[in-house]
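Working notes, structure below.
The values are calculated or read from the model by the stated rules, or taken from the named source; none is laboratory data. The shown structure was predicted, so the numbers you read here are calculated from the model rather than taken from an experiment. Every residue, glycine among them, receives a Cβ derived from its backbone with ideal geometry; neighbour counts consider all protein chains shown.
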There are 2 protein chains.
Amino acid sequence: MRRIDLSSAQLASSENARDINRDIVLELIRFRQPVSRVELARFSGLQPSTISIIVEQLISERWIREGAVVRRSRGRPSTMLEVNDLLVTFALDIRPDRAILAVIDLTGRFLSRETVMTVSDPEIAMKHIIDRMRLLQERHIDKSFEGIGVSVPGRVHPETQLLLLAPNLHWHDFDIKTALEDGLNLQVEIDNDANACLLSESWSGRLAGVRNAVLVAVSEGIGTAILSGGQLHSGYNGLAGEFGHIPIDPSGPLCGCGQRGCWEMAGSSRAALQFYRDLAPDKPAIDIYGLLRLAEENDPIAVEAVTRQARAIGRGLRLITAALSPELILITGEITSGWQRFGPVIQEELGLAVLAGHPPHLETAGDGESARLRGAAAVLLQRHASYHHSTHYPQNERRLPSDAIPVVR
Amino acid sequence: MRRIDLSSAQLASSENARDINRDIVLELIRFRQPVSRVELARFSGLQPSTISIIVEQLISERWIREGAVVRRSRGRPSTMLEVNDLLVTFALDIRPDRAILAVIDLTGRFLSRETVMTVSDPEIAMKHIIDRMRLLQERHIDKSFEGIGVSVPGRVHPETQLLLLAPNLHWHDFDIKTALEDGLNLQVEIDNDANACLLSESWSGRLAGVRNAVLVAVSEGIGTAILSGGQLHSGYNGLAGEFGHIPIDPSGPLCGCGQRGCWEMAGSSRAALQFYRDLAPDKPAIDIYGLLRLAEENDPIAVEAVTRQARAIGRGLRLITAALSPELILITGEITSGWQRFGPVIQEELGLAVLAGHPPHLETAGDGESARLRGAAAVLLQRHASYHHSTHYPQNERRLPSDAIPVVR
DNA sequence: CAACCAATGTTCCGTAACGCAACATTGAAA
DNA sequence: TTTCAATGTTGCGTTACGGAACATTGGTTG
């Protein structure tokens, strides 16, 4: 299949081929390390000669390094290649009530991970975070910090990286990117938390071969991320994926967004707690983990509350399926800890899909916090790597005289 | 931005660059013809030497041809290049009640256009269509027919091109592609009618620079097509875009699909007629054009019926906006003929978007029938051109031994 | 214990791209 | 008739990848 939108396409030159193949090789090393050059040639389909050159480049750029020399029964021993774990990134997961700061290496391993503070005033919070980052840099003095990836519970403008929408976070009009860049002189990349989770799954190799997927993060609200054609769909201005505020029940309760019966108001963890309170107004207040524990202990009211939530989630997924027909739907959030019981409920509701074809596969994605942190790191590394290349091989700028392409707009 | 899904990526070689640049050049010629080689170099950013080689190739493949020699005040005259209008395609737009057959050249001009028949038995209908096509081939004996593009009111499997879902068309289990291929020995490509309309807009250059858009085809039902990242989003199995059956009003009437209050049941032309019948049960039956004419003549009941439809359309668009945040929403269908009056109603309802950022631009796309036909031609030409290249430059197949890439699936 | 040999990785050459600069072409303007 | 400005072509340098010959290496084998 050919790209449709040629008029805005970049010109191609032979360097493009190298960029693509280099990425493929790095990807292979990430997943198959330790791996020899000849194995890379076999796996990738590239010639050993080409692999050697690409590997030399990747080593000189410190993405990878030579490791053990492995002797087999016959022949020249192979020099194994592995990802260079001296390259690390900061990952910052900002939540409504706290922030998690981690140091993650290229393989996705956590070198450190700490809860930083209760967020109140963004200025103070950021100062605190920057101080902690300086300490971590000193502690990992042998590592090279490539930048800072940030996951936020809100929508971020793809260009300016300013917060556009973060109802659960009271950090409006605060420029996270600039604050961090000024504080540490590192590259900063910010993205939505659901997007980060999806990127994390992609980075981990789980989405290999999957070109259309949706990740649904069920927590206090519901956030979604869309993978379309193997790419994150951020929409114009980065606002895509707000399925959480799609009306699913016009007779439902009023949502903070002003509409009635948003999906969030029935499918989120907050909604499950509300169901529980409605069903058992006299019982003591609990949190979502308490509710799930009760449900696991077969407390009928708790089971009913979470089942209602699960049904609502399933109904929303049906809608997403009609809209996007993804191959795979990934769920993260607290409800995944009760998956054996409530996964089938969601699946059943999703299976009521009215249209032809199989419903999408439904699976859980790992722990939300780790996923968001790894995703934040992935966001950074993706952009960082691109930037890296483009400085090595300055792309020809396509000259666009004022009358170049008729943009009918 | 870098592609996420590298593990399924094809290897790149220098031929890729040529393919991309060749497409860019052909695109430029399509939009700027007649155009000289030097102009192409200026517009594209490629060197004149490179352009010469690419142009030579395109001429030898008969995509373009040399035209007039233009003398300017000074210097060597330019040899203008233009798209070769001897290359034509069949475009077939299958509708529930009829089929339209056209011959379209590379520039999108119609060389012929006729309504073929009332569709009943697909076997007979197809036989009739093939006969007409043979006649047209004889009539345009000087042209070279590159293939047949087909637009159908239903979903088509991207690989097998079999009808998956066509509630309004009773052609189940009939293999259109094979029937046409066997009948005429031409390449056949089929796609959904909404996708065809979107491709037609893209082909016409209207979507230049727009990477996220949604087209909404409002007729008896509602069909949508999604442009994500500059590419058609067909979803897994080609079933994406079924927004028409998204529940928008659970208390609404029962839809043929078994659900209650589907968007189609309030936003389609059929719904507008139903509104009219409900409001004026005694008035004589009319069709949608009659209703729109009445509305234009300020018949209050007709105005009310179409206004209800328009509001429903706007509500659905709000939902699409929350989900996908497109830059542009295009509307086709009968209601566009009352756009001055009802466009603002839709716009107003869309403007109630609860989220940050501007709502998408809302515009009409041209006449549905022409768009579907041009889109059908575009579907064919896109695939045809890709095929063409791949035979000229056989891509290296990427060897994938059984243990090549860990597909965690 | 030395020659063998199988597997790894490198080198060298051919081909296909694009960029760049010198050059050829052309015909009106001076 | 000469000049010259604009178009288009040719030839060379660089960067890709593919392919085959070659170098490397160390256990295996006689």
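Quick check on B:Val25: is it touching a Leu at 6+ places or on another chain (Cβ under 7 Å) and within 14 Å of DNA strand D (Cβ to nearest atom)? If you could, list the steps in order and put the result at the bottom.
Working: touching a Leu at 6+ places or on another chain (Cβ under 7 Å): yes; within 14 Å of DNA strand D (Cβ to nearest atom): yes.
For B:Val25, the condition - touching a Leu at 6+ places or on another chain (Cβ under 7 Å) and within 14 Å of DNA strand D (Cβ to nearest atom) - is met.
Here are some conditions: (1) of a type outside the set (A, V, I, L, M); (2) more than 16 Å from DNA strand D (Cβ to nearest atom); (3) surrounded by fewer than 20 Cβ atoms within 10 Å (Cβ to Cβ); (4) away from every other protein chain (no Cβ under 14 Å). A:Asp93 meets all but one. Which one does it not meet?
(3)
Can B:Ile59 be described as in contact (Cβ under 8 Å) with a residue 24 or more places away in the chain, hydrophobic (A, V, I, L, M, F, W, C) and either within 16 Å of DNA strand C (Cβ to nearest atom) or under 26 Å from A:Gly229 (Cβ atoms) (or both)?
Criteria not met by B:Ile59.
Evaluate the range B:249-260: report whether one residue or more is under 30 Å from A:Gln259 (Cα atoms), of a type in the set (S, T, N, Q), touching a residue at least 12 places away in the same chain (Cβ under 8 Å) and surrounded by 14 or more Cβ atoms within 10 Å (Cβ to Cβ).
Yes, because at least one residue in the range B:249-260 is under 30 Å from A:Gln259 (Cα atoms), of a type in the set (S, T, N, Q), touching a residue at least 12 places away in the same chain (Cβ under 8 Å) and surrounded by 14 or more Cβ atoms within 10 Å (Cβ to Cβ).
Scan the range A:21-29 and tell me whether some residue there is crowded, with 20+ Cβ neighbours inside 10 Å, within 16 Å of DNA strand C (Cβ to nearest atom) and charged (D, E, K, R).
yes
Taking A:Glu181 as the residue in question, decide whether it is over 30 Å from A:Ile53 (Cβ atoms) and exposed (fewer than 15 other Cβ atoms within 10 Å of the Cβ). Write out each step before concluding.
Working: over 30 Å from A:Ile53 (Cβ atoms): yes; exposed (fewer than 15 other Cβ atoms within 10 Å of the Cβ): no.
No: the conditions fail for A:Glu181.
Looking only at the range B:219-268, how many residues end up being facing chain A (nearest Cβ under 7 Å) and either aromatic (Phe, Trp, Tyr) or outside any loop (DSSP other than H, G, I, E, B) (or both)?
7
In the range B:30-56, which residue that is within 8 Å of DNA strand C (Cβ to nearest atom) and of a type in the set (Ser, Thr, Tyr) is nearest to the other protein chains (Cβ to nearest Cβ)?
Across the range B:30-56, the extreme among qualifying residues is B:Thr50.
Hey, could you check the range B:30-49 for residues that are crowded, with 18+ Cβ neighbours inside 10 Å and of a type in the set (Ser, Thr, Tyr) and say which is nearest to DNA strand D (Cβ to nearest atom)?
The residue in question is B:Ser36.
How many residues, within the range A:278-303, are assigned to a loop (DSSP other than H, G, I, E, B) and surrounded by 14 or more Cβ atoms within 10 Å (Cβ to Cβ)?
Taking the range A:278-303 and keeping what is assigned to a loop (DSSP other than H, G, I, E, B), we get A:280-287, A:297-299.
Next cut, surrounded by 14 or more Cβ atoms within 10 Å (Cβ to Cβ) only: A:280, A:286, A:299.
Counting residues in the range A:278-303 that are assigned to a loop (DSSP other than H, G, I, E, B) and surrounded by 14 or more Cβ atoms within 10 Å (Cβ to Cβ) gives 3.
Of the numbered conditions (1) part of a strand (DSSP E or B); (2) crowded, with 16+ Cβ neighbours inside 10 Å, B:Leu169 satisfies every one except a single condition; which is it?
Among (1) part of a strand (DSSP E or B); (2) crowded, with 16+ Cβ neighbours inside 10 Å, B:Leu169 violates only (1).
Restricting to the range A:202-211, count the residues that are crowded, with 24+ Cβ neighbours inside 10 Å and either modelled with pLDDT of 95 or more or of a type in the set (Gly, Ala, Ser) (or both).
Residues in the range A:202-211 being crowded, with 24+ Cβ neighbours inside 10 Å and either modelled with pLDDT of 95 or more or of a type in the set (Gly, Ala, Ser) (or both): 1 in total.
Determine, yes or no, whether B:Arg71 is near DNA strand C (Cβ under 9 Å from one of its atoms) and facing another protein chain (nearest Cβ under 10 Å). Step through it out loud before you land on a result.
On the way: near DNA strand C (Cβ under 9 Å from one of its atoms): yes; facing another protein chain (nearest Cβ under 10 Å): no.
Here the answer is no, as B:Arg71 does not meet what is asked.
Scan the range B:133-165 for residues that are buried (at least 18 other Cβ atoms within 10 Å of the Cβ) and either free of Cβ contacts under 8 Å to residues at least 40 places away in the same chain or of a type in the set (Gly, Ala, Ser) (or both) and jot them down.
Passing the criteria: B:Gly147, B:Gly149, B:Ser151, B:Gly154, B:Gln161, B:Leu163.
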